[in-house]
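In what follows, a structure is listed as structure tokens, so that the remarks can point back to it.
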């Protein structure tokens with residue numbers, strides 16, 4: 001009888017230990033931080049209002065970077081429809097921004113970028129969050145995509161810039177310290193949902 005009580009007590013102790021260990025693992029799982037994939041280099045471009053947009057404008061902000069062009073009829077409309085969902089979710093946060101870089105600065109003029117902004121967000125331009133549609137020197141735009149935002153192969157920098165073209169569906173998430181924390185497929189709903197969760201994590205952490 002005494003032996004059974006001892007064995008039963010040991011069983012209870014082991015069971016409680018396993019439960020506590022599992023609980024610790026679960027708590028640890030939710031505390032796992034996003035990876036740090038790299039740092040964004042300083043930049044300076046021109047937005048849809050003709051204003052300069054630099055890395056200082058998104059300093060201490062969480063932002064998403066992407067590449068598109070206004071005349072794209074392929075992946076861009078779906079990408080930016082999904083990006084609009086992200087914008088609308090965080091449009092009330094002054095600590096959030098989106099930077100959409102043109103892949104075709106030779107044709108995407110400031111008026112075209114302004115018209116594209118109006119198509120995306122209508123009259124919501126007074127929201128605290130900012131959605132920049134930027135243009136600039138093609139070599140600088142593409143270097144940012146490859147070396148900072150990691151949405152294109154860096155080896156493509158060796159190509160003649162006039163023959164180079166970026167057409168990618170990937171979004172890059174940048175934190176308040178200018179670090180890339182994730183790459184997401186802008187065509188997939190589950191990836192967009194994950195992006196929104198990760199944005200919320202970073203905003204809450206700040």
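Read-outs throughout are calculated quantities, based only on the coordinates presented, and are distinct from any laboratory measurement. All of these numbers come straight from a predicted model, not from anything done at the bench. Don't worry about glycine lacking a Cβ; one is built from the backbone with ideal geometry, like all the others, and counts go over all protein chains shown.
General remarks:
- Per-residue Cβ neighbour rank within 10 angstrom, fewest leading, 75, 183: 75, 183
- Neighbour-count order for 52, 164, fewest beta carbons within 10 angstrom listed first: 52, 164
- Kirkwood Rh, angstrom, segment 38-205 [1 / mean 1/r, Cα pairs]: 15.7 Å
- Separation of the residue 114 and residue 126 label points, Cα + 7 Å toward Cβ, nm: 1.9 nm
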